[in-house]
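Some notes on the structure that comes next.
The values are calculated or read from the model by the stated rules, or taken from the named source; none is laboratory data. A quick note: this is a predicted structure, and the numbers were derived from the prediction, not measured. All Cβ positions, glycine included, derive from the backbone under ideal geometry; neighbour counts span all protein chains shown. For the accessible areas, the whole protein counts, side chains as well, though only heavy atoms, and no ligand, DNA or RNA atoms are used. Shrake-Rupley method; radii C 1.70, N 1.55, O 1.52, S 1.80 Å.
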Amino acid sequence: VESINVKKGGIYADLTLGGGGHTALILEKGGSVVGVDRDIIAIENARERFKGKNFTAVHSNFSDIKEIAKSLDIEKFDGIIADLGVSSPQLDDAERGFSYMQDAPLDMRMDRRENLTAREVVNTYSSEELFRVISTYGEERWASRIVNFIIEEREKASIETTFQLVDIIKAAIPLSARKDGPHPAKRTFQAIRIEVNGELKILESTIRDSVELLKKGGRMGIITFHSLEDRIVKTTFASLEKGCTCPKDFPMCVCGNRP
């Protein structure tokens with residue numbers, strides 16, 4: 001919130017409303033906020049929490065930021081923030097199936113209007129697709145073994161709960177590799193969650209659309225939690241900062257891109 005330099009009377013977008021922590025700070029500093037979240041529970045809680053304040057809640061995906069701004073007759077924002085990944089309330093609610101620490105049906109949908117669930121990924125994806133998800137989005141060195149163990153177990157019976165999946169992952173990763181470091185299921189759960197919610201596919205386009213919606217001197221601030229998000233944000237920011245993409249031997253700029 002400090003990094004986006006909140007001005008009294010300014011208009012700000014919180015693309016990942018969640019529990020409303022960032023929005024509350026922006027409102028305290030005198031800004032008005034459009035809070036976006038694809039989780040209806042977050043939207044309903046925020047409407048109640050910020051009733052009577054300069055706040056508008058929008059139940060939507062942040063990739064729709066241009067349509068959201070247009071629907072609210074907002075031409076430009078003074079600042080835009082995004083706090084990527086799963087929110088604390090989603091992790092705390094066992095029934096959502098995000099947490100490997102609580103037993104629940106395999107779900108992991110941020111927006112429960114969507115059809116794809118963690119259960120479907122685990123039980124219907126081919127071994128090649130599962131390996132792509134777990135190795136790419138989870139950067140899991142034991143991805144191949146985990147996939148083999150999942151395939152073997154689901155041939156006996158479908159995998160329905162988070163703890164069933166945790167047990168399979170623990171069985172796949174050798175004890176010596178599980179002794180130290182984070183929970184053995186952390187990377188696989190992260191990977192499946194990213195796949196279910198399409199989190200990385202929409203990130204670059206959302207950043208580019210958001211920057212187009214910033215006033216001159218406006219700022220965008222993003223919090224990332226793992227290297228995959230971090231890389232996309234940094235490379236997209238660097239590309240936008242660069243501006244002109246014409247070959248160096250061109251006598252003048254013809255692409256018109258501005259940093």
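Results, tabulated for the structure shown:
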{"item": "Residues that are surrounded by fewer than 16 Cβ atoms within 10 Å (Cβ to Cβ) and among the hydrophobic types (A, V, I, L, M, F, W, C), drawn from segment 99-123", "result": "MET101, LEU116"}
{"item": "Every residue from segment 88-98 that is crowded, with 21+ Cβ neighbours inside 10 Å and either at pLDDT 90 or above or in contact with a strand residue (DSSP E or B) (Cβ under 8 Å, 6 or more places away or on another chain) (or both)", "result": "ARG96, GLY97, PHE98"}
{"item": "Candidates ILE68, ILE11 - the one that is modelled with pLDDT of 95 or more and open to solvent by less than 30 Å² (accessible area, probe 1.4 Å)", "result": "ILE68"}
{"item": "Qualifying positions in segment 230-259 - outside any loop (DSSP other than H, G, I, E, B) and within 23 Å of PHE77 (Cα to Cα)", "result": "ILE232, VAL233, LYS234, THR235, THR236, PHE237, ALA238, SER239, LEU240, GLU241, LYS242"}
{"item": "Every residue from segment 227-254 that is in contact with a Cys (Cβ under 9 Å, 6 or more places away or on another chain) and of a type in the set (S, T, N, Q)", "result": "THR245"}
{"item": "Flag if THR56 is part of a strand (DSSP E or B) and modelled with pLDDT of 95 or more", "result": "yes"}
{"item": "Single residue of segment 153-165 satisfying the filter (more than 20 Å from ARG187 (Cβ to Cβ) and out of contact with any Leu (no Cβ under 7 Å at 6 or more places or on another chain)) that is surrounded by the most Cβ atoms within 10 Å (Cβ to Cβ)", "result": "SER158"}
{"item": "Conditions (1) assigned to a helix (DSSP H, G or I); (2) hydroxyl-bearing (Ser, Thr, Tyr); (3) open to solvent by 40 Å² or more (accessible area, probe 1.4 Å): number failed by SER63", "result": "(3)"}
{"item": "Filtered residues of segment 16-38 (kept if outside any helix (DSSP H, G or I), in contact with a Leu (Cβ under 8 Å, 6 or more places away or on another chain), open to solvent by less than 10 Å² (accessible area, probe 1.4 Å) and of a type outside the set (Gly, Ala, Ser))", "result": "VAL33, VAL34, VAL36"}
{"item": "Tabulated pairs, segment 157-182, first under 23 Å from ASN123 (Cα atoms), second surrounded by fewer than 17 Cβ atoms within 10 Å (Cβ to Cβ) and of a type in the set (A, V, I, L, M, F, W, C), C-beta under 9 angstrom, 6+ apart or interchain", "result": "THR162/ALA94; THR162/MET101; VAL166/MET101"}
{"item": "Segment 18-32 residues that are closer than 28 Å to ASP93 by Cα and at pLDDT 95 or above, paired with ones that are open to solvent by 50 Å² or more (accessible area, probe 1.4 Å) and not in a helix (DSSP H, G or I) (beta carbon under 7 Å, 6 or more apart)", "result": "LEU27/LYS53; LEU27/ASN54"}
{"item": "Extreme residue, least open to solvent (accessible area, probe 1.4 Å), among residues of segment 223-249 that are of a type in the set (D, E, K, R) and without any contact (Cβ under 8 Å) to a residue 12 or more places away in the chain", "result": "ASP230"}
{"item": "Which numbered condition THR188 misses (of (1) in a loop (DSSP other than H, G, I, E, B); (2) of a type in the set (Val, Ile, Thr); (3) in contact with a Gly (Cβ under 7 Å, 6 or more places away or on another chain))", "result": "(1)"}
{"item": "Segment 195-222, residues that are under 30 Å from PHE98 (Cα atoms) and surrounded by fewer than 14 Cβ atoms within 10 Å (Cβ to Cβ)", "result": "LYS201, SER205, ARG208"}
{"item": "Neighbours by Cβ (under 6 Å, 6+ apart or cross-chain): first from segment 53-81, over 15 Å from GLY218 (Cβ atoms); second polar (S, T, N, Q) and buried (at least 20 other Cβ atoms within 10 Å of the Cβ)", "result": "PHE62/THR206; SER63/THR206"}
{"item": "Odd one out for ASP249 among (1) within 23 Å of SER60 (Cβ to Cβ); (2) at pLDDT below 95; (3) of a type in the set (D, E, K, R)", "result": "(1)"}
